[in-house]
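Accompanying notes for the structure given below.
The values are calculated or read from the model by the stated rules, or taken from the named source; none is laboratory data. Given the structure is predicted, the values throughout are model-derived calculations rather than measurements. So basically every Cβ, Gly included, is an ideal-geometry build from the backbone, and we count neighbours across all protein chains shown.
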Amino acid sequence: MKCVMMASIALIASTAAFAADTGPVVTPGPFNAPPAYPRVVTPGPFDAPPAFTHTKLYDWTGFYVGINGGATLNDIRWFSGPDDVGGTASVTSGLIGGTIGYNLQAQDPLVVGLEIDADWSGAKGTITPPTCLAGCELDVPWLGTARLRFGYAFDQILPYVTGGVALSDLHADIVGAPFGSEYGRNLGWTAGAGIEFVISGPLRAKIEYLHVDLNGFTCGTSCSVVAGPVEFNFYSNVVRAGLNYRLWMN
C-alpha cells in the first residue's frame with residue numbers, strides 16, 4: 001500500500017510538472033503579431049531550476065510594412081551630340097515613401113527577405129552645353145526598388161546586404177523653352193547594405209545605404225535647339241532611415 005501511495009504521488013507530481021511546462025497554447029488572431037520570442041517556462045515551487053539559463057531570441061519571420069525617408073547624392077552624366085562635349089552634374093535631393101516586405105528565418109541566425117519600396121524623389125539637375133545655354137533639365141520624380149535582403153541576426157539586431165532592381169521615370173527638357181519634354185521609364189539595378197533593430201514589440205527601425213544605377217536616357221529636340229540628341233545617365237547614392245511594423249502571417 002505504501003508503494004502504491006508513493007507511486008500515485010509521483011504520478012501526480014509529474015503530471016503537474018508536465019502541465020506547467022507545456023502551458024496553454026495561445027493562437028494569435030488574424031490581426032495580431034506573432035510572438036517575437038519563444039515561450040519561457042517558469043519553474044514551479046517544487047521544480048528544480050533549469051540547468052542552463054534560457055536565452056530569448058527574436059524571431060524575424062513574418063510580413064512587415066513601413067515608412068522611410070532620407071537624402072540622395074546624385075550624379076547626372078551627360079553627353080551632347082551637337083557639341084561633342086559631356087560632363088557630370090552632381091545634385092542632392094530628399095526622398096520619402098513606403099515599404100512592404102517579408103523575412104524568413106529558419107531555426108538559425110540566417111535571414112532571407114524580399115523588400116519593395118516606392119519613394120517620392122526631388123532629384124533635379126541642369127546642364128549647360130553650348131547649344132543649350134538656357135540649360136537642359138533632367139528631373140527624376142520618384143524611385144522604386146525591389147530587392148532581396150540577406151542578413152545574419154544577432155538576436156534583435158540584423159545587419160544585412162541587399163540587391164535588386166530599381167525603376168524610375170526620367171523627364172528632360174530645356175528650361176523655359178516651348179519645345180515640350182521627353183521622358184523614359186528606366187529599369188536599372190541597386191545594391192547596398194544596412195542594419196535593422198527592434199525598438200519594442202513589433203516596431204523596428206533601420207538605417208541603410210543603396211547605390212542606384214538607372215542606366216541611360218536620350219533626349220532629342222526637347223533638349224537641343226539644333227539637330228542631335230543629349231544623352232543622360234543617372235546614378236544615385238541613397239542614405240535613408242525607416243520604421244517597420246511587423247505583421248502577423250496567416
Which residues, counting only those in the range 116-140, are touching a Leu at 6+ places or on another chain (Cβ under 8 Å) and at pLDDT 95 or above?
-> Ala118, Asp119, Trp120
Odd one out for Pro130, checked against (1) surrounded by 14 or more Cβ atoms within 10 Å (Cβ to Cβ); (2) more than 17 Å from the chain's Cα centre (by Cα) = (1)
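Yes or no, residue by residue, for (1) buried (at least 16 other Cβ atoms within 10 Å of the Cβ); (2) on the phi < 0 side of the Ramachandran plot; (3) without any contact (Cβ under 8 Å) to a residue 24 or more places away in the chain:
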site	(1), (2), (3)
Leu57	no, yes, no
Tyr64	yes, yes, no
Ala71	no, yes, no
Asp84	no, no, yes
Val91	yes, yes, no
Asn103	yes, yes, no
Val111	yes, yes, no
Ser121	yes, yes, no
How many residues, within the range 69-80, are under 15 Å from Gly135 (Cα atoms) and either part of a loop (DSSP other than H, G, I, E, B) or under 28 Å from the mean Cα position of the chain (by Cα) (or both)?
-> 2
In the range 80-110, anything in contact with a Ser or Thr (Cβ under 8 Å, 6 or more places away or on another chain) and within 16 Å of Gly194 (Cα to Cα) is listed as Asn103
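May I ask you to verify whether Val175 is surrounded by fewer than 18 Cβ atoms within 10 Å (Cβ to Cβ) and closer than 24 Å to Tyr245 by Cβ?
Numbers: surrounded by fewer than 18 Cβ atoms within 10 Å (Cβ to Cβ): yes; closer than 24 Å to Tyr245 by Cβ: no.
It is false that Val175 is surrounded by fewer than 18 Cβ atoms within 10 Å (Cβ to Cβ) and closer than 24 Å to Tyr245 by Cβ.
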Hey, can you tell me all the residues within the range 113-165 that are over 29 Å from Val65 (Cβ atoms) and part of a loop (DSSP other than H, G, I, E, B)?
-> Thr128, Pro129, Pro130, Thr131, Cys132, Leu133, Ala134, Gly135
